[in-house]
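For reference, the structure discussed in these notes is given below.
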Amino acid sequence: MRRSKGQGRGVLWMAVIASALVNTGARAQEPKAAERVQTVPLGLTSHEFSGDKVFGVYVPTKFGGELTIKASTGSVEEIKGPDGRVRTNGQEVGSNQQGWYTFKVTGATEPYTVETTFVQVGQSARKPWNFYYWPTKADAIHEPWAGGNARVDSRVNPMSDDIQVIPYGAYVAPGQDIIRAGPNGLLESFVGPGDDSTWFPNEYDDLTFRGKDGTIYATPSPMLKYDQIFNSSARSFEAANSQNQDIQRWPGHCLGGAIASISFNEPTPAPNSGITRDELKALWAELGENHLNHQIGDYATDIPPGPPRPGFDACDRHVPRFHAMLETHIRGQRQNLLGNLRAFPPRGTTSEVWNHGIGKYTATYHAIPGKGERAVRLEVVLEANSGSCINGQDDKPRVNNYEYTLVYGLDGKIDETNPGTSDWISVGGECLYAPLNLLEVAHSRWQGHNPMITEANVRALDMANGGGGAGFYSRRLAGGTPNFRPVASYEAGRAPMFARGDTNNDAPRGRGFFGGLFGFGR
């Protein structure tokens with residue numbers, strides 16, 4: 001019989017396999033007589049068999065998965081694992097069951113093929129919720145990115161604290177800021193004909209925003225509402241201390257949002273609070289944004305961006321550690337992980353930081369002909385949460401595809417002692433590069449850079465995470481939902497907030513231990 005390219009490594013004696021199929025004291029049923037076992041590769045199709053046969057296929061991982069066996073004609077029977085127990089075709093094999101699986105094909109009336117499929121799904125106990133990353137970039141009037149006249153057409157309103165970056169009538173490049181919000185964080189100037197304005201929801205917004213055409217839009221206002229519930233000045237502190245004025249950088253609260261999303265139940269605003277779910281998530285994101293307050297356990301980090309390609313590249317040696325994190329934590333312990341998954345297609349750059357909560361992956365296994373049973377090629381679909389979900393938009397996971405090879409040890413764990421044998425072949429889906437890291441968040445202290453936002457107050461507003469009890473919050477809202485006032489009214493007569501100069505806004509990006517782990521920014 002001629003052997004196809006994907007058919008495996010030939011035949012074994014059933015008695016030999018039976019003696020090897022021992023796990024935790026259980027022994028496979030001994031054959032009545034020595035039978036030849038035709039080995040077939042995992043995740044491939046083998047061709048040109050005839051008659052009743054016994055087959056063997058090797059499952060390399062101890063973390064389990066679903067094994068499915070198909071024959072083009074005839075019946076697949078008696079799928080037995082290393083413990084000798086009969087398995088149901090297409091169902092979970094169980095943990096600590098790495099090794100040889102035997103099965104029979106009987107009743108075939110013509111030459112047939114045998115196809116094996118092994119799929120492992122890892123899913124955390126708590127699904128990471130989608131969030132919005134709440135950028136710190138100040139609102140601005142700017143030259144249009146396309147179709148502008150290359151001149152400044154807007155004058156700053158002398159009644160505001162807005163900052164005129166480029167003088168009226170001067171030359172200006174496409175997209176360049178002309179007028180930016182001042183220390184109060186609010187853009188109050190009118191947009192001149194020929195210019196444009198940019199607004200992204202941020203934590204220190206007012207209740208409304210005026211568009212280029214004068215239309216007034218309602219805006220999320222997490223810190224302004226928080227201030228009026230708890231009689232604080234968190235909004236003005238945030239505006240004075242966290243504004244980023246660089247149009248080339250858009251840092252925000254994606255680190256805090258991502259860690260909160262894997263640590264807490266999805267927030268539910270307390271009755272009468274007037275806080276929306278997005279605004280409540282913003283407050284948790286602020287509490288989680290201080291990277292010094294998070295303790296990291298296990299990790300894979302400092303992975304080069306690549307992009308990976310077939311054959312040798314700098315990403316290859318990181319494959320074993322990366323996939324071991326997925327198997328150990330998401331599949332084995334049902335934990336969420338934190339990861340900087342880098343930029344989106346099609347125009348993302350290697351320096352972009354996109355922190356996400358990661359709670360699910362699907363790995364499809366394929367043997368590598370000629371490399372031994374424990375060498376596999378994996379197609380991995382990684383599901384992370386969205387960091388751009390607000391008002392119900394983009395309420396779906398980010399899906400990244402990775403393909404790489406690795407080798408398992410006899411114990412069913414990934415062999416990390418010789419990473420040079422791996423090959424990170426490609427990335428796809430919603431990613432352009434290899435991720436910077438995967439991190440286990442072992443412990444967190446919830447206090448961000450804004451001292452007026454406290455964990456106790458935010459919990460009081462969150463019915464899903466400890467809220468609804470007695471105390472200041474309950475007394476404050478006893479009369480119903482607050483009648484929230486705009487910044488000009490609420491902050492009238494209050495002393496202006498000055499930047500204290502010790503926030504993390506200008507912290508070095510991606511340097512040192514925490515920089516390499518977290519990758520500050522988005």
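Scanning region 104-134 for residues that are of a type in the set (A, V, I, L, M) and either farther than 27 Å from Val381 by Cα or surrounded by 19 or more Cβ atoms within 10 Å (Cβ to Cβ) (or both) returns Val105, Ala108, Val114. Do we have Gly252 as part of a loop (DSSP other than H, G, I, E, B), in contact with a Phe, Trp or Tyr (Cβ under 9 Å, 6 or more places away or on another chain), of a type outside the set (Val, Ile, Thr) and farther than 28 Å from Glu352 by Cα here? For Gly252, the condition - part of a loop (DSSP other than H, G, I, E, B), in contact with a Phe, Trp or Tyr (Cβ under 9 Å, 6 or more places away or on another chain), of a type outside the set (Val, Ile, Thr) and farther than 28 Å from Glu352 by Cα - is not met.
Given the condition touching a Leu at 6+ places or on another chain (Cβ under 9 Å), outside any loop (DSSP other than H, G, I, E, B) and of a type outside the set (Lys, Arg), answer yes or no: does some residue in region 40-53 qualify? No, there is no match, as no residue in region 40-53 is touching a Leu at 6+ places or on another chain (Cβ under 9 Å), outside any loop (DSSP other than H, G, I, E, B) and of a type outside the set (Lys, Arg).
In region 65-73, is there at least one residue being within 11 Å of Glu115 (Cα to Cα), crowded, with 22+ Cβ neighbours inside 10 Å, assigned by TED's automatic domain parsing to the domain that holds Phe103 and among the small types (Gly, Ala, Ser)? Taking every residue of region 65-73 in turn, none turns out to be within 11 Å of Glu115 (Cα to Cα), crowded, with 22+ Cβ neighbours inside 10 Å, assigned by TED's automatic domain parsing to the domain that holds Phe103 and among the small types (Gly, Ala, Ser).
Selection of region 276-293 for residues being within 14 Å of Ser261 (Cα to Cα), under 19 Å from the mean Cα position of the chain (by Cα) and of a type outside the set (A, V, I, L, M) yields Asp278, Lys281, Trp284, Glu286, Gly288, Glu289. Of all residues in region 86-103, those being crowded, with 18+ Cβ neighbours inside 10 Å and on the phi < 0 side of the Ramachandran plot number 8. For region 416-522, the helices (runs of 4 or more DSSP H) that sit wholly inside it and include 1 or more residues that are over 24 Å from Thr136 (Cβ atoms), modelled with pLDDT of 85 or more and among the small types (Gly, Ala, Ser) are 455-460, 487-490.
Within region 392-400, is there a residue that is over 24 Å from Thr301 (Cβ atoms) and either in contact with a Pro (Cβ under 8 Å, 6 or more places away or on another chain) or not in a loop (DSSP other than H, G, I, E, B) (or both)? Within region 392-400, one or more residues are over 24 Å from Thr301 (Cβ atoms) and either in contact with a Pro (Cβ under 8 Å, 6 or more places away or on another chain) or not in a loop (DSSP other than H, G, I, E, B) (or both). Suppose we filter region 184-230 for residues that are on the phi > 0 side of the Ramachandran plot and crowded, with 16+ Cβ neighbours inside 10 Å; how many remain? Residues in region 184-230 being on the phi > 0 side of the Ramachandran plot and crowded, with 16+ Cβ neighbours inside 10 Å: 1 in total.
Answer yes or no as to whether Val57 is in contact with a helix residue (DSSP H, G or I) (Cβ under 8 Å, 6 or more places away or on another chain) and buried (at least 20 other Cβ atoms within 10 Å of the Cβ).
No.
Step by step: first the residues of region 231-261, then only those that are farther than 29 Å from Arg485 by Cα and surrounded by fewer than 24 Cβ atoms within 10 Å (Cβ to Cβ), then the one that is nearest to the chain's Cα centre (by Cα). Which residue is that? Among those residues, the one meeting the criterion is Arg249. Condition test on Glu455, is it among the acidic types (Asp, Glu) and in contact with a strand residue (DSSP E or B) (Cβ under 7 Å, 6 or more places away or on another chain)? Taking the combined requirement at face value, the residue does not satisfy it. Could you say whether any residue in region 375-384 is outside any strand (DSSP E or B) and surrounded by 19 or more Cβ atoms within 10 Å (Cβ to Cβ)? Taking every residue of region 375-384 in turn, none turns out to be outside any strand (DSSP E or B) and surrounded by 19 or more Cβ atoms within 10 Å (Cβ to Cβ).
Residues His356, His366: which one is under 20 Å from Pro128 (Cα atoms), out of contact with any Pro (no Cβ under 7 Å at 6 or more places or on another chain), touching a residue at least 24 places away in the same chain (Cβ under 8 Å) and not acidic (Asp, Glu)? So the residue among His356, His366 that is under 20 Å from Pro128 (Cα atoms), out of contact with any Pro (no Cβ under 7 Å at 6 or more places or on another chain), touching a residue at least 24 places away in the same chain (Cβ under 8 Å) and not acidic (Asp, Glu) is His356.
The values are calculated or read from the model by the stated rules, or taken from the named source; none is laboratory data. Being a predicted model, the structure only gives us computed values, none of them experimental. Backbone-built Cβ (ideal geometry, glycine too); neighbour counts: all protein chains shown.
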